[in-house]
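The values are calculated or read from the model by the stated rules, or taken from the named source; none is laboratory data. Because the structure is a prediction, the values reported are computed rather than measured. Don't worry about glycine lacking a Cβ; one is built from the backbone with ideal geometry, like all the others, and counts go over all protein chains shown.
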Amino acid sequence: MRNSILVRSIAAVSGIVMLASVAACGDNTTASTDASAKSDTKTEAVSGSFSGAGASSQQAAVEAWIAGFQGTNPDAKVAYNPSGSGAGVSTFLTGATAWAGSDAALSDDEVEQSKKVCASGNAFDIPVYISPIAVVFNLQGVSGKGKTLNMDAETIAKIFDGKITKWNDNAIKSQNPKVDLPDLDITVVHRSDKSGTTKNFLSYVKDAAGDAWSYDLGENWPNEVGQGAKGTSGVISTVQQADGTIGYADASQAGNLGTVAVKVGDGYVPFSAEAAAKVVDSSPLDDSAKGDNRVVVKLDHNTTEKGAYPIVLVSYDIACPAYKDANTAKFVKSWLSYVTSDEGQQTAASAAGSAPMSDTMRQKIAKSIDAIETK
Amino acid sequence: MSSQSKTAQQPVSGKNADKVFKGVAYACGILILVVLAAVALFLLFRAWPLIGGDQKANSDTISNFTGGKATSFWSYVGPLLFGTVLISTLALLISFFVSVGIALFISHYAPKKLATILSYVVDLLAAIPSVIYGLWGGLVLVPAIYPFWNWVAKYLGWIPIFAGPAANPSRTVATVSVVLAVMILPIITSMSRDIFLQTPRLQEEAALALGATKWEMVKLAVLPFGKSGVVSASMLGLGRALGETMAVLMILSPGLNYSVKLLQASQNQTIAANIASQYPEANDLGVSVLIGTGLVLFLITFVVNFVARKLTEKASA
Amino acid sequence: MTAANNDASPMDGAPVIDFDKFKPTRSFIAARKRKDLAMRALIAVAFIVALIPLFSVLITTIINGVKRLNLNFLSYNMTGVVGGNPTPSGGYGGILHAIIGTLEITFGAMLISIPIGLMCAVYLVEYSNRGRLARVITLLVDVMSGIPSIVAGLFAFSMFTILIGPGTINGFEGSVALSLLMLPTVVKSSEEMLKIVPHDLREASYALGVTKQRTITKIVLRTALPGIVSGAILAVARVIGETAPLLMTAGYIASTNFNLFSGQMTTLPVYVYQEYSKLNANCPANASAACVTTIPMERAWAAALVLILIVLILNLIGRLVAKVFAVKSER
C-alpha cells in the first residue's frame, strides 16, 4: 500500500511538474498591446501577491483591472475571489484580504469592527464600479436587440408585484401607443439569491413608485410573484427561455433581449453607460455614513434630470486607511488609484460595459485614496 | 502471491510492531466516531450564536433573509425542511420504479454480455458531476419539458398537486425532482442489481420448473428476496437527494411555502440549495443561521440513513 | 414453494392449495403469457427511459464542449483574460490552473482518507471480532456515506474558522471536506475486499509463526490490493466532481496556485460554475471581430467535458485494476 501511494504521488507530482514546465504556469501574458496603456499615475511599481474578495458584479471589471494593473506592475500578483459582497466584507474584516468589493456600503457595525483590522482609523468605501441595471423582457414580436418599451416607475412596480399580469394591460399600452402588445401573461423573473442587484433595483422601485411598492428594502426578493433564478446568468437564461418574461439584470448581460426605457421627468430614457453616470453625478453623498474618508452615494432615484437613467448599481471597494504591512498599503493605494483613474474606468467600460465615473466623482474619491498611509 | 516466501524468512519478532499496528487500526476505527462527532460539534459551535447569542439580532437576520416572512429560526427552517423532503421524496418516487426495472433488466432479462455493458452505462450516470446536471437541467431540460408539464396541468389539473397553470419556464419542483431522480437512479439501480443477482439459483429454477412465466418467477423468487436490499438502496438514494445542492440551485425557482403545487414556480426550496444561494452575501450572523440549517439537514440525513441501515440489518440477520 | 400459484401472496404459512386454480385453461395461460410480455416491455421501457437523460447530458456536453477544447485551453489559465477578447497566445483563457487545483485537492483528500479508511477496514475485519464497537462503527460508516456534500463543506469551513482563524481559505480545506465524503466509500470497499481474502492464507501464515501485523501487511493487504486500489479510485471519481463544498472552502482564483496549504485554488467544477455565472462577456462596439460574447459559456461546457472525461478515465482505470488483478475467489 505504501508503495502504491508513493508511486502514485511521484506520478502525480511529476505530471504536475511536466504540465508546469510546458506551460510555465499557464499565465497569459498581460494584454498590454493596447496603445492606451499610458500610465499617468506616478507611483512606483508594486511587487508581491495580494488578494481581494467580494461582489461578483464587479468580476468582469476586476479581471480587466488586474490585467491592466499588472501591465504597469509586472511583479504584482493580484487575485480576486468573486465570492459575494457579504463573504468579501467578512473576509476583509478578518484581515485576510487587502481589499473587498461590495455592492453595499459598510454598515455602522462593520465600520466599528474595521477599527480592529486597520492599523489606524476605520475602513472606508469608495465607489469604483457603476453599472446600469436593465429591466429586460422577452416578448415575441416586440423584444429584440436594442428594442425598448416605455414604462414609468409605478408600472414597473405593479408588474413586479403581480398587480399587472398581462402584457396588453392599459398601463403598458398607454405608454407605448405604437407597439402592438399581445394578450399574454407576464412572467416576472427575479434573483433567487441574496444580491446587491436586487437591493439596488428595489430601492429604485421603492423610491420612485411610492405607494405602489409596499415591501421593505432588502437583498432578497420580498414577494412570491413569478420565478426566482440564481445569479445574473440564471435570470437572463430564464428570461430567454420563455415568451412573456420580464426581469432585471446587469445591463451588460442584456444581449438580444428587449429593455425598458424608464420614465424620467417627461421623457423615457433607455439604459446606457452615460445615462447611468449622469444619475450618480446628480446624486448627493450620503452624510449619514459614519467614519472618515467614506464616499457613499445616495442615489437620487426620483431625479428629473434629462437623460439620466435611475436604475443603477453602485459597487464599492473597501479598504483601510493604514495597513500593518507597508507593502500592502502601497499596493492598495496604487490599486485604487488605478481603478478609479480615467484609464481604469475606461478599461472597465470596455470589458464589462460599466459607466465610467465623472471627473467630479473621481475628485471626491481621490481625497480618500490619498489618506492611505504608505509609510 | 509471491509474498509467502518472503514472510517465511521473517524472524518471530515485532511484538511491538504488532501492538503498534493493532493500536493504529483501533485508533482509525475510533477516529470514525470522532470525525462524526466533530462534524456535529463544529457545526453546532459555529451555529451557536443562534442559540446563545442575541435573539433580537438573530430574528433580524432571519427576517432579512426572508423579506420579513419569518423571524424565528424554526419558522425559517420549517418550509425549507418541507421543501427538501418533498423534492427528494418525489425524486425517489420517480426513480424507484425505473431503477428496480433497470436492475431486473440487467440481472434477469438482458443477455449476459449486454448486461455487463448496461451496468457500465448505469455507473456512468453516477459519474457525471452534479454541476453538469445543473447546467443541463437549467439550459436544456427546463425548456424541453415545459410542453409535457403544460399537458399534465391541462388534463390532470383537477388533481391538486398538478394544479395549473404550469409555470413557463418550468423551473419547478416537478422538473427538479426529475433531475434528482436521474441523479439517484444509478445508486438505487446498482445496489438493487447486486441484491437481485444474489437470489438463490435453486428458488428461481424451482419456480420456472413449476411452469411459472419469467415475470411470475421474478415476483415469487427475486422480489421477495431483494425487498430489504431495495428498501435500503432507496433510503440511500433518498439521502443523496436530500443533500443535493448544485442541480437544485441552478434549476429551481425557490419559495418558502408549505405547498405541494408541483407545476408552479416559487413554491419550495431545499436546505442545501438555500445555503448555497444565501451564503455568499451573508454576514457573520447570517452564516451562523445557515450553518444552523445545515445542522438540521445533517440530522435528517443521519436519521434517514440510520433507519435504512437498521432495516437491512434486521432483514439480513 | 408453490410457485405455480398465480395469487399474489403465496409466501406465508403452509399453502392451502385450491386445485381448481391449476386446471389450465387456454385463456388463463394466454393471460399469464400476456402479463409476462407486458412486464418484459415495461422493464425494457424503464431502461430506455433512463437512457434518454444520460445521452442528452452527454451529447449536450460533447457538442458544446468540443468547440473550445484544444491544447491552448488546456495549457493556459485565466490570468490576463479580459472580456471576450483573445489572449496574445490566440486562445481565450484556459483551465490549467483548475486541473492542477483539482488534482492537488483530490490528492490531498486521498492522502487523508485512504490510510484512515484502510486502517479502519483492517480493524473491522481483522481485529474487531465483530464486537459491539465494530457494529457501531459499521453502522456509522454507512450513515456517514449519506452526509450531504454541502454539510461537509460547512464542516471544513467551520473547523478552519475556529482552529486556524476566520477567513481561512485554502486548497487543503477543500481536501478536508472531500476526505469526509471519501472516507466511508474507502472503508466500505476496503472492508469488502479484505473479507474475500481466503482464510487459508491467514492461517497458513500464522502456522509459520508470522506475527499478525506482518500477516496483514504482507499477505492480506497485498492480496486485496487491486480491489482496494480500484475502490479508492472509484471513491475519488465520486468526489472529484463536487462543487458546493469547494465553493466555500477552496475559493476561486484566476492564476495557477501550486501551494495546497496557502492561497485559494480553483477546481474544475467550481470553474464550470463560475464561468456559467458570467454567462456573457462584454464586447464593446469597437472591439475586433475576434471578440466572442458567448465565450464564458463555451469555456464552461469545455471544462465540463474535461471533467466528465477525467471522471470517466478514473472509473475505467478503477474497473481495469479490479479486473486485471482480481483475487481468485470461489465464485
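Working only within region C:231-290, note down all residues that are over 24 Å from the mean Cα position of the chain (by Cα) and among the small types (Gly, Ala, Ser).
Of everything in region C:231-290, those that are over 24 Å from the mean Cα position of the chain (by Cα) and among the small types (Gly, Ala, Ser) turn out to be C:Ala254, C:Ser255, C:Ser262, C:Gly263, C:Ser277, C:Ala281, C:Ala285, C:Ala287, C:Ser288, C:Ala289, C:Ala290.
Filter region B:154-188 down to residues that are buried (at least 22 other Cβ atoms within 10 Å of the Cβ) and of a type outside the set (Val, Ile, Thr), then give me how many there are.
13
Going by the conditions given, is A:Ser203 surrounded by fewer than 23 Cβ atoms within 10 Å (Cβ to Cβ), part of a helix (DSSP H, G or I) and not acidic (Asp, Glu)?
Spelling it out, A:Ser203 is indeed surrounded by fewer than 23 Cβ atoms within 10 Å (Cβ to Cβ), part of a helix (DSSP H, G or I) and not acidic (Asp, Glu).
Conditions (1) within 30 Å of C:Glu298 (Cα to Cα); (2) in contact with a Phe, Trp or Tyr (Cβ under 9 Å, 6 or more places away or on another chain); (3) assigned by TED's automatic domain parsing to the domain that holds C:Leu194, marked per residue:
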position	(1), (2), (3)
C:Ile95	yes, yes, yes
C:Thr106	yes, no, yes
C:Leu118	no, no, yes
C:Val125	no, no, yes
C:Asn129	no, no, yes
C:Ile137	no, yes, yes
C:Ile147	no, yes, yes
C:Val151	no, yes, yes
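Would region A:262-279 turn up any residue that is under 30 Å from B:Trp136 (Cβ atoms) and either in the same structural domain as A:Ala153 (by TED's automatic domain parsing) or buried (at least 22 other Cβ atoms within 10 Å of the Cβ) (or both)?
Scanning region A:262-279 turns up no residue that is under 30 Å from B:Trp136 (Cβ atoms) and either in the same structural domain as A:Ala153 (by TED's automatic domain parsing) or buried (at least 22 other Cβ atoms within 10 Å of the Cβ) (or both).
Which of the residues spanning region A:114-139 are assigned to a strand (DSSP E or B) and over 25 Å from the mean Cα position of the chain (by Cα)?
If the condition is that a residue be assigned to a strand (DSSP E or B) and over 25 Å from the mean Cα position of the chain (by Cα), then no residue fits.
Checking the condition touching a Pro at 6+ places or on another chain (Cβ under 8 Å) and charged (D, E, K, R), which residue from A:Lys147, A:Lys173, A:Lys194, A:Lys158 passes?
A:Lys194
Answer yes or no: is there a residue in region B:220-240 that is within 30 Å of A:Asn220 (Cβ to Cβ) and touching a Lys or Arg at 6+ places or on another chain (Cβ under 9 Å). Let's see the steps before the verdict.
Taking region B:220-240 as the starting set, the residues that turn out to be within 30 Å of A:Asn220 (Cβ to Cβ) are B:238-240.
Subsequent filtering for residues that are touching a Lys or Arg at 6+ places or on another chain (Cβ under 9 Å) retains none.
The answer is no; no qualifying residue exists.
Name the one entry in B:Asp60, B:Asp18 that is surrounded by fewer than 19 Cβ atoms within 10 Å (Cβ to Cβ), in the same structural domain as B:Val231 (by TED's automatic domain parsing) and out of contact with any strand residue (DSSP E or B) (no Cβ under 7 Å at 6 or more places or on another chain).
Matching residue, one of B:Asp60, B:Asp18: B:Asp60.
Could you grab me the full set of residues in region B:225-241 that are charged (D, E, K, R) and more than 8 Å from chain C (Cβ to nearest Cβ)?
Scanning region B:225-241 gives a single hit, B:Lys227.
Being surrounded by fewer than 23 Cβ atoms within 10 Å (Cβ to Cβ) and on the phi > 0 side of the Ramachandran plot is true for just one of C:Gly90, C:Gly80. Which residue is that? Even if it seems obvious, please write down each step before you answer.
Details: C:Gly80 fails: surrounded by fewer than 23 Cβ atoms within 10 Å (Cβ to Cβ).
After ruling out the rest, the residue left standing is C:Gly90.
So which of C:Ser230, C:Ser329 ends up being over 21 Å from C:Ser75 (Cα atoms), in contact with a helix residue (DSSP H, G or I) (Cβ under 9 Å, 6 or more places away or on another chain) and at pLDDT below 85?
Step by step, each of C:Ser230, C:Ser329 is checked, and only C:Ser230 is over 21 Å from C:Ser75 (Cα atoms), in contact with a helix residue (DSSP H, G or I) (Cβ under 9 Å, 6 or more places away or on another chain) and at pLDDT below 85.
What is the residue count in region A:324-375 for residues that are closer than 15 Å to A:Pro127 by Cα and either of a type in the set (Gly, Ala, Ser) or assigned to a loop (DSSP other than H, G, I, E, B) (or both)?
Going through region A:324-375 one residue at a time, the tally reaches 12.
What is the one condition in (1) more than 15 Å from C:Met39 (Cα to Cα); (2) aliphatic (A, V, I, L, M); (3) without any contact (Cβ under 8 Å) to a residue 12 or more places away in the chain that B:Leu125 does not satisfy?
(3)
What number of residues within region C:299-326 satisfy the criterion of being farther than 27 Å from C:Pro269 by Cα and either at pLDDT 90 or above or part of a helix (DSSP H, G or I) (or both)?
Summing the residues that are farther than 27 Å from C:Pro269 by Cα and either at pLDDT 90 or above or part of a helix (DSSP H, G or I) (or both) in region C:299-326 gives 3.
Among the helices (runs of 4 or more DSSP H) confined wholly to region C:170-272, which include 3 or more residues that are of a type in the set (Gly, Ala, Ser) and at the interface with another protein chain (Cβ under 10 Å from one of its Cβ atoms)?
C:221-239
Mind checking which helices (runs of 4 or more DSSP H) fall wholly inside region B:210-271 and carry at least 1 residues that are in the same structural domain as B:Thr293 (by TED's automatic domain parsing) and farther than 29 Å from C:Ser277 by Cβ?
The qualifying helices (runs of 4 or more DSSP H) are B:214-217, B:223-243.
Report yes if B:Gly78 is away from chain C (no Cβ under 13 Å) and at pLDDT 90 or above, otherwise no.
Spelling it out, B:Gly78 is indeed away from chain C (no Cβ under 13 Å) and at pLDDT 90 or above.
Based on what the data block shows, is B:Glu244 among the acidic types (Asp, Glu), facing chain C (nearest Cβ under 9 Å) and closer than 19 Å to B:Ser177 by Cα?
Yes, satisfied.
Buried (at least 24 other Cβ atoms within 10 Å of the Cβ), modelled with pLDDT under 85 and within 30 Å of C:Ile164 (Cβ to Cβ) - does that describe any residue in region C:269-282?
No, there is no match, as no residue in region C:269-282 is buried (at least 24 other Cβ atoms within 10 Å of the Cβ), modelled with pLDDT under 85 and within 30 Å of C:Ile164 (Cβ to Cβ).
If you go through region B:188-209, how many residues are touching a Ser or Thr at 6+ places or on another chain (Cβ under 9 Å), more than 10 Å from chain C (Cβ to nearest Cβ) and in a helix (DSSP H, G or I)?
Residues in region B:188-209 being touching a Ser or Thr at 6+ places or on another chain (Cβ under 9 Å), more than 10 Å from chain C (Cβ to nearest Cβ) and in a helix (DSSP H, G or I): 9 in total.
Name the residues in region C:139-181 that are free of Cβ contacts under 8 Å to residues at least 40 places away in the same chain and hydroxyl-bearing (Ser, Thr, Tyr), would you?
Residues satisfying the conditions are C:Ser158, C:Thr161, C:Thr168.
Exactly one of (1) assigned to a helix (DSSP H, G or I); (2) surrounded by fewer than 22 Cβ atoms within 10 Å (Cβ to Cβ); (3) more than 10 Å from every other protein chain (Cβ to nearest Cβ); (4) among the small types (Gly, Ala, Ser) is unmet by C:Ser288. Its number?
Of the numbered conditions (1) assigned to a helix (DSSP H, G or I); (2) surrounded by fewer than 22 Cβ atoms within 10 Å (Cβ to Cβ); (3) more than 10 Å from every other protein chain (Cβ to nearest Cβ); (4) among the small types (Gly, Ala, Ser), the odd one out for C:Ser288 is (1).
State yes or no: is B:Gly237 closer than 23 Å to B:Ile128 by Cβ and crowded, with 23+ Cβ neighbours inside 10 Å?
Criteria met by B:Gly237.
Can you tell me how many residues in region A:140-155 are buried (at least 21 other Cβ atoms within 10 Å of the Cβ), part of a strand (DSSP E or B) and polar (S, T, N, Q)?
Going through region A:140-155 one residue at a time, the tally reaches 1.
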